[in-house]
Amino acid sequence: MDKKLTDAQLVSRFKNGDSKAFEEIVLRYQAHVYTYILSIVKNPDTASDICQDLFVKIFRTLHKYNEENKLKNWLFTLARNLTMDYFRKNSKRLVPLENQDEDEFSLLDTISDNSPSPLKVLIENAQKEAINDALGKLSMDERELVALKDNFTFAEIAAMQKKPIGTLLSKFSRTLKKLRRILAQRSPEVYNEYLQ
Amino acid sequence: MNICNNLPLYLYSELSEEEVKEFKQHLAFCPACQRAVLTFNTIAQDKEVQSLPLNVIMDIFEKTSRKKKSIWNLAKTLRLSGALAAAGIAVGFVVFSTQPHKADLRNYYNISPIAGSELEEISASISEFEGLVTYYG
Ligand SMILES: [Zn+2]
């Protein structure tokens, strides 16, 4: 299939019975949507389940969808709703995840990796780990905003969430400050190297 | 309005040319904004978009299509799409803790890191899908 088809063209092909069009929609958006959901729930299995639900729902309702140009917005809005539904249903078990510590960084796992340059990988992994650890310490709202920013402009997010753009901008700036504080506290080596 | 508020728009290139000029002049004299730029760039070094595990994509295709799908065709399609994705969307915050050193299946089938010359690796991993290959015929 032509990779350059617009979302609107894909939706219209789908409505005309072209099953490849739906596969193309899945392939086009799966990584973006999955990364977004994962940023909120922090659990790959849960995120996979929600993502699967999402695309099956899209498949079942796409034929009556009339705003072809806003497919991406629709996908992310639905992703958010399904994720929040999931939290509501599993609130007791899942809410504490927000501040739960992630698994310990395992030195052994890294060394046994078949990498050509173990030391370099070790350093890169430690740094990546520190940054992901810091991102994981953000509140759910902050993580979500950061993830949405990879797919939408601030103006688009403001329109989707019906919030003033100024609110989102302040929140984003606050989030950066918080990340800096977290890195200073939890990963002084990264802080000293990059943020001093 | 306080010009510091424009910082996030500056970081994501969502300012007009005129506003960028204005913001850069501000940046030269604002330690708070300088720190924020530094933090943003540090975090951005580890930006990454994660792909859904291959078996989940297969499940989605299976649930939305009556046609049986060859795993080989799917792998080819995904590899192509992964390469395109890597070219175009290699910027995404990882807002969760990834553990790339843990070679669990999920990461193993993770699509985005697959580079052009790694078809052999894919075929090795796909041999683990033998049951499915039989099923999908
Ligand atoms: Zn400033």
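What follows is calculated from the coordinates using simple rules that are stated; it is not laboratory data. Keep in mind it's a predicted model, so treat the numbers as computed, not measured. Using ideal geometry, Cβ is built from the backbone for each residue, glycine included, and neighbour counts are taken over all protein chains shown.
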Checklist entry - Considering every residue in A:49-61, what mean count of other chain Cβ atoms within 10 Å of its Cβ is obtained? => result 3
Checklist entry - What is the log10 of I(q)/I(0) for region A:1-80, computed with the Debye formula using one identical point scatterer on each Cα and no solvent, at q = 0.13, 0.15, 0.22 Å⁻¹? => result -0.38, -0.50, -1.00
Item to check | Residue order, fewest to most surrounding Cβ atoms within 10 angstrom, among B:His26, A:His32, A:His63 | outcome: A:His63, B:His26, A:His32
Checklist outcome for this item: The local net charge around B:Val37, scoring Lys/Arg +1 and Asp/Glu -1 for residues other than B:Val37 whose Cβ lies under 14 Å from its Cβ, equals +4
Item to check | In nm, spacing of pseudo-spin labels at A:Gln161 and B:Glu17 (7 Å Cα→C-beta vector) | outcome: 3.2 nm
Checklist entry - Using mean Cβ contacts within 10 Å as the protection proxy, how do A:154-165, B:52-63, B:33-44 order, highest first? => result B:52-63, B:33-44, A:154-165
Item to check | Residue-averaged beta-carbon neighbours from other chains (10 angstrom radius) around B:34-43 | outcome: 6
Checklist entry - Based on the Cβ-Cβ distance of A:Lys4 and B:Gln45, what FRET efficiency does E = 1/(1 + (r/R0)^6) give at R0 = 35 Å, to the nearest 0.05? => result 0.70
Next on the checklist: Using a 7 Å offset from Cα along Cα-Cβ at B:Val37, what residues in region A:175-192 end up with backbone N under 17 Å from the label point?
Outcome noted: A:176-177
Item to check | Principal axes of region B:3-44: Cα extent on each, largest first, Å | outcome: 27, 20, 13
